[in-house]
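A.B. asks: The structure under discussion is supplied below as structure tokens; questions concerning it will follow.
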Amino acid sequence: MLALLTPTDSSWVEAAEANLSALLSDHAHCEIKAAQSALALCARYAGEMPQLVAPLHALAQEEGDHFAQVHEHLVARQLRLEQPRSDTYVTALAAAARQDHHDGCPQLMDRLLCAALIEARSCERFRLLSEHLRAADLRAFYRELMTSEARHFSLFSSLSAERFGKTETRTRLATLASREAAIAKHLPLGPQVHG
Ligand SMILES: [Fe+2]
Ligand SMILES: [Fe+2]
């Protein structure tokens with residue numbers, strides 16, 4: 001799906017279903033982190049690429065809205081937001097991209113393409129949730145979010161293509177996607193969006 005090279009094992013949905021409190025809490029924190037990282041990209045790179053600001057500001061607002069929606073699903077189930085956990089997957093992906101930074105690989109391109117891959121993986125997993133969760137309200141919610149994540153993947157890849165060119169973007173995305181696949185393959189399957 002999208003740029004991904006390895007599908008998630010379907011047993012991940014069982015781990016997610018078995019602990020909806022952990023899944024929804026982790027998902028809520030992912031939405032906050034997505035909003036924060038969109039604004040952090042503006043803070044760091046708006047000088048280099050002013051055209052980042054409008055779409056990433058809009059994205060940060062949308063991710064903030066998603067946080068509030070996930071939180072409503074927690075509250076509707078009499079659950080409370082759990083404490084945030086560190087996201088091993090995101091940390092590993094950023095480290096995998098940094099391997100090449102001594103070769104003059106533009107860091108903005110990697111930030112955009114790592115963000116694109118994270119959106120792609122979320123999209124893939126939300127599709128699984130939209131197809132397999134028992135609760136109909138959550139299936140519908142994840143179907144809607146799946147389409148948002150696909151749109152966000154396209155946004156980040158097209159921003160990279162606009163700044164660094166289509167060919168460079170395609171080549172670098174393929175490299176990062178193969179590292180992402182290796183990371184995703186070795187993650188323990190738990191009730192987290194990227195776990
Ligand atoms: Fe989101
Ligand atoms: Fe997103």
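The values are calculated or read from the model by the stated rules, or taken from the named source; none is laboratory data. Nothing here was measured: the structure is a model prediction, and the numbers come from that model. Counting neighbours? That spans all protein chains shown, and the Cβs are built from the backbone with ideal geometry, glycine included.
A.B. asks: When you look at His29, is it assigned to a helix (DSSP H, G or I), within 16 Å of ligand 2 (Cβ to nearest atom) and either among the acidic types (Asp, Glu) or modelled with pLDDT of 95 or more (or both), yes or no?
C.D. replies: So His29 passes the test.
A.B. asks: OK, next. Looking only at the stretch 131-170, how many residues end up being within 13 Å of ligand 2 (Cβ to nearest atom), under 18 Å from Gln69 (Cα atoms) and surrounded by 15 or more Cβ atoms within 10 Å (Cβ to Cβ)?
C.D. replies: Total satisfying the criteria: 6.
A.B. asks: Within the stretch 175-193, count every residue that is closer than 15 Å to Glu119 by Cα and of a type in the set (Gly, Ala, Ser).
C.D. replies: Matching residues across the stretch 175-193 total 3.
A.B. asks: Give just the number: which of (1) in contact with a His (Cβ under 7 Å, 6 or more places away or on another chain); (2) away from ligand 1 (no atom under 16 Å from the Cβ); (3) small (Gly, Ala, Ser) does Ala28 not satisfy?
C.D. replies: Ala28 satisfies all of (1) in contact with a His (Cβ under 7 Å, 6 or more places away or on another chain); (2) away from ligand 1 (no atom under 16 Å from the Cβ); (3) small (Gly, Ala, Ser) except (2).
A.B. asks: Here is a follow-up. Condition check: modelled with pLDDT of 95 or more, in contact with a Lys or Arg (Cβ under 6 Å, 6 or more places away or on another chain) and over 17 Å from Pro7 (Cβ atoms). Does Leu133 satisfy that?
C.D. replies: yes
A.B. asks: Starting from the stretch 140-157, take each residue that is closer than 12 Å to Arg125 by Cβ and list its partners that are within 13 Å of ligand 1 (Cβ to nearest atom) and aromatic (Phe, Trp, Tyr), counting only C-beta distances under 9 angstrom and pairs at least six apart or across chains.
C.D. replies: Filtered contacts from the stretch 140-157: Tyr142/Phe126; Leu145/Phe126; Met146/Phe126; Glu149/Phe126.
A.B. asks: Let me ask something additional. Mind telling me which of the residues His71, His66 ends up being free of Cβ contacts under 8 Å to residues at least 60 places away in the same chain and surrounded by 13 or more Cβ atoms within 10 Å (Cβ to Cβ)?
C.D. replies: The conditions single out His71.
A.B. asks: Taking the condition part of a helix (DSSP H, G or I), in contact with a Pro (Cβ under 7 Å, 6 or more places away or on another chain) and within 16 Å of ligand 1 (Cβ to nearest atom), does Leu41 pass?
C.D. replies: No; evaluated as a whole, the condition is false for this residue.
A.B. asks: Now, a different point. Run down Ala115, Ala92, Ala76, Ala96 and say which single residue is hydrophobic (A, V, I, L, M, F, W, C) and within 16 Å of ligand 1 (Cβ to nearest atom).
C.D. replies: Exactly one residue qualifies, and that residue is Ala115.
A.B. asks: Okay, moving on. From the residues in the stretch 15-33 that are surrounded by 20 or more Cβ atoms within 10 Å (Cβ to Cβ) and touching a residue at least 60 places away in the same chain (Cβ under 8 Å), which one is nearest to Gln107 (Cα to Cα)?
C.D. replies: Restricting to residues being surrounded by 20 or more Cβ atoms within 10 Å (Cβ to Cβ) and touching a residue at least 60 places away in the same chain (Cβ under 8 Å), the top hit is Cys30.
A.B. asks: OK, next. Residues to consider are Leu52, Leu113; find the one that is buried (at least 17 other Cβ atoms within 10 Å of the Cβ), more than 15 Å from ligand 2 (Cβ to nearest atom), in a helix (DSSP H, G or I) and touching a residue at least 60 places away in the same chain (Cβ under 8 Å).
C.D. replies: Residue meeting the stated conditions: Leu52.
This table checks each residue for (1) within 13 Å of ligand 2 (Cβ to nearest atom); (2) part of a helix (DSSP H, G or I); (3) among the charged types (D, E, K, R).
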| site | (1), (2), (3) |
| --- | --- |
| Ala34 | yes, yes, no |
| Gly47 | no, no, no |
| Ala60 | yes, yes, no |
| Asp65 | yes, yes, yes |
| His71 | no, yes, no |
| Leu79 | no, no, no |
| Glu82 | no, no, yes |
